[in-house]
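The values are calculated or read from the model by the stated rules, or taken from the named source; none is laboratory data. None of the values given here were measured: they were computed from a predicted structure. Because the Cβ atoms are built from the backbone with ideal geometry, glycine has one as well, and the counts that use them run over all protein chains shown.
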Amino acid sequence: MISVLVLMGGLSEEREVSLKSGAGVYDALKKSGYQAKTLDLSRENLGKIKDISPDVVFIALHGKYGEDGTVQGYLDILGIPYTGSGVETSAICMNKGTTKKILCYEGIPTADFVIITKYKYRKNQYNLSEMVIELGLPLVVKAATQGSSIGVYIVKTAEELESAIEEAFKYDQEVVIEKFIQGPQLTVAIIGNEEPQILPVIEITAANEFYDYESKYTPGMCEHIIPARVSESVNAKVIEISKKVYTSFKCRGYVRVDFMIDKDENPYVLEINTIPGMTAMSLVPDAARAAGLSYEELVDRIVCLALQK
């Protein structure tokens, strides 16, 4: 039997979501005949990974100290295969500012943005009025290295910008401010290593103003629509862009690429999730089901891809 250690919980703001993802993955592994164990990762028990010495680690950690390349680097040192992307890809995609810079370099459409640091902001080195003029309103203010829409704020007036930045700085030393794209939100799940499989495109609707933490994890507050209610042209565009994202960022295993579509049907990449949620309400399992893959088959596929790496 192949032994799989599920890393879950962890130290980030997304700890509770990670525990749910990990529990779902563990149950699926047991049903599929794997020898599975779980570890609620902390600084104190990090050495247990080496003690357990699994054949492969399923990383179900979300956010900092799990999705950002730190755990991946530790596992590389130990020589233990793991699910998902490697250190470089994980670290880059965790930082929204760095992600957007590479998207621009690769010619992949993303909303206009600026990046500010807490240090320079405290030194009054930014002109917020000029940012509003340059990007227009509304704006989206995001803590650079948070997930699950934590530290994300919609700014509708110039007067709201300063307070939104202050709130975002509570989570991070770097903040991304980007132009708000009004339109449908889509997401594309991708599975694979060198030859990725694109799963059906999902349209996301939310009860709140945007697809925030509450909408994502409260039953009844969001809807995943498959197939997405967009034209064939838009559907084809987001699939093509998703493939380019996957190869450009050297993604492996499985990822989710989020999009906003503007009024002229132009897609813009929001971000790349290198360890997407695997809870009962998560998007990747929904996309897999639409492609004919059960939750257990999805988990098995991800483990097999990790062993192939």
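Going by the conditions given, is GLU178 surrounded by 15 or more Cβ atoms within 10 Å (Cβ to Cβ) and among the acidic types (Asp, Glu)?
yes
Starting from segment 65-94, take each residue that is free of Cβ contacts under 8 Å to residues at least 60 places away in the same chain and list its partners that are assigned to a loop (DSSP other than H, G, I, E, B) and of a type in the set (A, V, I, L, M, F, W, C), counting only C-beta distances under 6 angstrom and pairs at least six apart or across chains.
Listed by first residue and then by second, the contacts come to TYR65/LEU11.
Given (1) surrounded by fewer than 16 Cβ atoms within 10 Å (Cβ to Cβ); (2) in the same structural domain as SER248 (by TED's automatic domain parsing); (3) modelled with pLDDT under 95, identify the lone condition not met by TYR211.
It is condition (1) that TYR211 fails.
State all residues of segment 242-270 that are assigned to a loop (DSSP other than H, G, I, E, B) and surrounded by fewer than 22 Cβ atoms within 10 Å (Cβ to Cβ); if no residue qualifies, say none.
LYS250, ASP262, LYS263, ASP264, GLU265, ASN266
Of these, ILE59, ILE102, ILE49, which one is hydrophobic (A, V, I, L, M, F, W, C), in contact (Cβ under 8 Å) with a residue 24 or more places away in the chain and in the same structural domain as LYS250 (by TED's automatic domain parsing)?
One residue alone meets the criteria, ILE102.
Among the residues of segment 150-160, count how many are buried (at least 18 other Cβ atoms within 10 Å of the Cβ) and farther than 18 Å from LEU11 by Cβ.
Looking only at that region, the number is 3.
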